Structure formats: C-alpha cells, structure tokens
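In what follows, a structure is listed as structure tokens, so that the remarks can point back to it.
The values are calculated or read from the model by the stated rules, or taken from the named source; none is laboratory data. Predicted, not measured: the structure shown is a model, and the values here were computed from it. Reconstructed Cβ throughout: ideal geometry from the backbone, glycine too, with neighbour counts over all protein chains shown. Accessible surface areas use protein heavy atoms only, side chains included; no ligands, DNA or RNA. Shrake-Rupley method; radii C 1.70, N 1.55, O 1.52, S 1.80 Å.
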Amino acid sequence: MKAVETKLPGVLLLETSVHRDARGYFEEIFRYQDLSFLGICRHFVQDNHSRSEKNVLRGLHYQEPQGQGKLVRVLAGALQDVVVDVRRGSPDFGQWASFDLMAGDGKSLWIPAGFAHGILALEDNTDLFYKVTDYWSPEAERTIRWDDPDINIPWQSDVPLLNEKDARAPYLRNAPELPEYGGRK
C-alpha cells in the first residue's frame, strides 16, 4: 500500500496493487498492518455501504462531537469524492480537495475526523463502502451546504439530486458546531 499526500494535511489517497487477468481482478483493500505503517492506527467500529444513482450528491457531512475518521472505497461505479477542512482554527479551514474514485482503480481515501465529506455519483449503481472510527450518532450528525459559495467546489454535475436535509444545510460560516483544530484525529 502506498500513501499519496493531498493538499489537505492528514487526508491521504491510498493506492493498492490490483492484480488483473482474463478472469477479472483481485486486490487487498484493507490490511491493518499497512495502515499502521502509514500512521493510520485507528480502531474501526462500523462499516457502511451506500448505493447511489448518477447525479446523487450526498453531503457535505461530518459529526461533532463524536467525530469520525473514514476510510472510503468505491466498490461499483464511479464518484467524485470531496473533503473539506471544517476545523475551527485550522490554517486550511474551508479548503477542499476533490478525488475521482472508481471501482477497481486500487484507490481508497483516508479522511480524518474534523473534515466534512461529500460524494457525487458519476454513474448509476455507484456503491461506496467505508469504515468509520466512531459510531454514527444522529445527535452529532452535521451538514454544510454542498454549494457554499465561500468553499466554491466545482461539482461534476449541473443537476445534482439531493435529499431535503442536504439541500437546506447551512453554509460553513453559519454552522453551529464545528470541530476544533488540534482535537481528535
């Protein structure tokens, strides 16, 4: 496993070897020992799986308190994965990074707690699988606007499909609860 630093400190693009032949491919997608070597020594407590149709946009989500680190991977289809630093006091506050991930590309993304996360499905039947470092808590669930003009993310769809909660989320500048920089990782 190889880690590629991103423009957001702590967010890592992880690359594994994909072994292909006429039958298809094989890849080892999770190995605690490899993650530990890369400095990701986290205990994962829950696995999540979401399926989205093309143009479905989910996010930008985070939890506070009870932040979650996420290890994300696309199992089918393709998506635009966006991460935003929402840690108050961070030198990168409000900065974002975008990644195109697709099934079989050998890539995973490590997103530490303190970052908002959003996805846009680029194909029908896009399956996202992710491990988290803390349990989902409806009381701690937070959302910021996907189209916040202060963040200015160039999403790869002009007609995203959103649920009501994401469509009416506050802008980052109005978010009532944000994690503090220097807190949990």
What number of residues within the stretch 29-70 satisfy the criterion of being outside any helix (DSSP H, G or I), over 15 Å from Ser98 (Cα atoms), out of contact with any His (no Cβ under 8 Å at 6 or more places or on another chain) and of a type outside the set (Lys, Arg)? 25
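In the stretch 1-28, which residues are part of a strand (DSSP E or B) and out of contact with any strand residue (DSSP E or B) (no Cβ under 9 Å at 6 or more places or on another chain)?
Within the stretch 1-28, the subset part of a strand (DSSP E or B) is 2-5, 12-15, 19-21, 24-26.
The answer is Asp21, Gly24.
Tell me whether the stretch 153-160 contains one or more residues that are without any contact (Cβ under 8 Å) to a residue 24 or more places away in the chain, open to solvent by 40 Å² or more (accessible area, probe 1.4 Å) and not hydroxyl-bearing (Ser, Thr, Tyr).
So the first thing to find is which residues in the stretch 153-160 are without any contact (Cβ under 8 Å) to a residue 24 or more places away in the chain, and the list is 158.
Now narrow it down to the ones that are open to solvent by 40 Å² or more (accessible area, probe 1.4 Å): 158.
Still in the running and not hydroxyl-bearing (Ser, Thr, Tyr): 158.
Scanning the stretch 153-160 turns up at least one residue that is without any contact (Cβ under 8 Å) to a residue 24 or more places away in the chain, open to solvent by 40 Å² or more (accessible area, probe 1.4 Å) and not hydroxyl-bearing (Ser, Thr, Tyr).
Residues that are closer than 22 Å to His43 by Cβ, buried (at least 20 other Cβ atoms within 10 Å of the Cβ) and not basic (Lys, Arg): does the stretch 76-85 have at least one?
Of the stretch 76-85, the ones closer than 22 Å to His43 by Cβ are 83.
Adding the requirement that they be buried (at least 20 other Cβ atoms within 10 Å of the Cβ) leaves 83.
Then drop every residue that is not not basic (Lys, Arg), which leaves 83.
Yes, the stretch 76-85 contains at least one residue that is closer than 22 Å to His43 by Cβ, buried (at least 20 other Cβ atoms within 10 Å of the Cβ) and not basic (Lys, Arg).
Select, from Arg58, Arg51, Arg88, the only residue that is open to solvent by 40 Å² or more (accessible area, probe 1.4 Å), touching a residue at least 24 places away in the same chain (Cβ under 8 Å) and touching a Leu at 6+ places or on another chain (Cβ under 6 Å).
Working: Arg58 fails: touching a Leu at 6+ places or on another chain (Cβ under 6 Å); Arg51 fails: touching a Leu at 6+ places or on another chain (Cβ under 6 Å).
None of the other options fit; the residue is Arg88.
Can you list the strands (runs of 3 or more DSSP E) lying wholly within the stretch 78-176 that have 3 or more residues being under 18 Å from Gly67 (Cα atoms)? Spell out how you get there, then give the answer.
Numbers: elements: 78-85, 96-102, 107-111, 115-121, 126-132, 141-143.
Per the criteria, 78-85, 107-111, 115-121, 126-132, 141-143.
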